[in-house]
Structure formats: C-alpha cells, structure tokens
Amino acid sequence: MKTHEINIRIRYGETDQMGVVYHGNYAQFLEMGRVEWLRSIGVSYRSMEENGIMLPVVSLKLDYKKSAKYDDLIKVVTSLREEPGVKIEFDYKILSENDELLTIGNTVLVFVDKRSGRPVRCPEYILEKIRA
C-alpha cells in the first residue's frame, strides 16, 4: 500500500535529561507521519471533521530500537497496512539520517460519526483517493 516519508529535526524540548528523545514524543511523530500521509492523498483532518468524521486512535504500539537525540534529523516512514473498513491501520518506521532503524510503530484508528459518536465505514471519497 501507499507509503509516505517526512523528515523531522529533533528539538531540544523533545529530549530528556539524558539528551535523548523522551519516549512520549514518539506518538506525536507518528501522528505527524499519519497526517502527512493523508494529506499526500488529498485528505486533511480538517476536511474529514468538516464532513462529520472523527478519527480517534484506538491502538498505539511502539518498539524502540535506538535513541534519537537533540538536533538529529529523523525520517518517519508511514505505510497504510490495508484498505480501511471501519478501522484504518498504519505501520511506521522511524529512521536516522543514515537510515538506521530507530523505532517501529503501529496505530489503529476508527472512523467515527461526529454527531452520533458511533463507528462508521471509511467514507467512499477517502477510499477513492486511496485506490487512485
């Protein structure tokens, strides 16, 4: 399935006293990758919400291999696992500037109707963009 890459420069405020990226910041890196993956196919979170769809995370998995440090340039590679139904699942690799594997991640999100708060199938307009 479609893959997208973004680069992120690690800021000082994202590190801990040991000079490495605080583990909690990795969820934000995955979100940045996911948002840009969607944008790359022509879908924004804003447009989904304006169309009555929310996309909450229901599962987040991270497997840390090596640490990223202040001022490192990391690459977040985001891949769609399969065509979505009610859920959409992404796999991630976070790599160093030298393409060394730092972290593996996975998220599962559910399409939710904004008014009812109930799960719904992936909107057809998003499926069309994924299939294109």
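Every number here is computed from the coordinates shown, using simple stated rules; none is lab data. Since the structure is predicted, the reported quantities are computational estimates derived from the model, not experimental observations. When we count neighbours, we look across all protein chains shown, and the Cβ atoms used for this are built from the backbone with ideal geometry, even at glycine.
What are the trypsin sites (Lys or Arg not before Pro) within segment 53-87 that DSSP puts in a loop, where the Cβ has at most 13 other Cβ atoms within 10 Å? Each step should come with its number before you reach the end.
Numbers: sites: K61, K65, K66, K69, K75, R81, K87; in loops: K65, K66, R81.
When the trypsin sites (Lys or Arg not before Pro) of segment 53-87 are filtered for loop state and at most 13 Cβ neighbours within 10 Å, K65, K66 remain.
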Per residue of segment 83-96, what does 6.51 cos²θ - 1.76 cosθ + 1.60 with θ = phi - 60° give for ³J(HN,Hα)? Whole Hz please, x for Gly and Pro, Karplus curve as stated. 4, x, x, 7, 10, 10, 10, 10, 10, 9, 10, 10, 10, 6
Report, by chain and number, residues whose modeled amide H sits under 5 Å from the one on L102, excluding near sequence neighbours (fewer than 5 apart, same chain). I94, L95, S96
Can you tell me the orientation of helix 26-40 relative to the chain, as the angle in degrees between its alpha-carbon axis and the longest Cα principal axis, to the nearest 10? 50
For V120, what residues show an amide H to amide H distance below 5 Å, using hydrogens built from the backbone and excluding near sequence neighbours? F111, V112, D113
Rounded to whole Å, give me the distance from the Cα center of segment 35-92 to that of segment 100-117. 6
Keeping to pairs on different chains or 8 or more places apart, tell me how many lysine pairs in segment 3-131 have Cα atoms under 15 Å apart. 6
